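For reference, the structure is listed below as structure tokens.
The values are calculated or read from the model by the stated rules, or taken from the named source; none is laboratory data. As the structure is a prediction and not an experimental result, all values here were calculated from the model. Neighbour counts are summed over all protein chains in view; Cβ atoms, including those assigned to glycine, are modelled from backbone coordinates with ideal geometry. Side chains are part of the model used for accessible areas, which takes the heavy atoms of the whole protein and leaves out ligands, DNA and RNA. Shrake-Rupley method; radii C 1.70, N 1.55, O 1.52, S 1.80 Å.
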Amino acid sequence: MSIAALLPSVRLTKPQRLRSVANWVNGSTAFGLVVASAGHCHIRRGPRGLWLADGYRFGFPVAGAFTVGNVLVTAHEWPARVEKYPDLLGHEERHSWQYVVCGGLPFIPLYLASMGWSVLRTGDRAARNVFERDAGLAAGGYDDAPVRPLAVSMRALLSSRRR
């Protein structure tokens with residue numbers, strides 16, 4: 001993907017305008033800009049009504065990139081991320097739609113619960129996370145993992161807690 005793909009869109013489609021307005025109204029984009037500012041990011045308008053924030057300085061969440069509303073955040077530089085993962089912007093954009101569907105910030109605890117379920121079922125935070133699967137595992141740089149029996153998952157969880 002070229003640097004041109006990171007440039008702001010001149011005109012948004014109706015669905016992109018809807019997503020943008022919805023995520024402003026539900027507060028998630030405003031919160032995303034606060035998170036990016038607190039993380040000392042360089043923030044700029046991106047394509048398709050998105051905001052790109054790079055240089056995030058905190059270690060949480062642990063991810064190559066994450067989305068809050070219409071704000072796509074990375075500790076890296078967006079051109080380098082897109083060069084390494086050409087479908088990443090589309091993946092993160094899909095998360096911005098998930099904020100709309102979840103009514104904004106309720107996405108965050110729902111995402112965390114789905115991540116916990118994925119860890120329980122596979123030992124991996126993304127493989128059975130419904131939000132990551134919906135956004136495309138490979139596009140986000142994730143691998144799929146097989147589901148393991150709950151008994152195996154519980155033993156692994158209990159043994160890690162004993163250590």
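Among 109, 61, 86, the residue with the largest mean-square fluctuation in a Gaussian network model of the chain, with springs joining Cα atoms closer than 10 Å, is 61.
Sorting the segments 119-126, 70-77 by their mean number of nearby beta carbons within 10 angstrom, highest to lowest, gives 70-77, 119-126.
Taking every alpha-carbon pair in the range 60-154 and binning the separations at 5 Å intervals from zero gives 3, 14, 23, 25, 18, 11, 5, 2, 0 percent. Beta bridges per DSSP, both residues in the chain: antiparallel share near 65 percent.
Averaged over its residues, the chain has an accessible area of 54 Å² per residue, based on protein heavy atoms and a 1.4 Å probe.
Placing dummy labels 7 Å off each Cα toward the beta-carbon, the span from residue 144 to residue 11 is 3.9 nm. Taking every alpha-carbon pair under 8 Å whose residues sit at least 6 apart, the range 22-163 reaches a relative contact order of 18 percent. Across all Cα atoms of the chain, the radius of gyration (one decimal) and Dmax (whole number) stand at 16.6, 56 Å. Shape analysis of the range 1-92 places it in the oblate category; the axes a ≥ b ≥ c from the Cα gyration tensor give an a/c of at least 1.5, with a/b not above b/c.
In the chain, the DSSP-assigned H stretches of four residues or longer account for a calculated mean residue ellipticity at 222 nm of -15000 deg cm²/dmol, using -39500 (n - 2.57) per stretch and the full residue count as denominator.
The stretch between residue 21 and residue 62, if pulled fully straight at 0.36 nm per residue, gains 11.9 nm over its current Cα-Cα span. Accessible area of the chain with a 1.4 Å probe: how many percent of it is carbon plus sulfur? So the carbon and sulfur contribution to the accessible surface is 63 percent.
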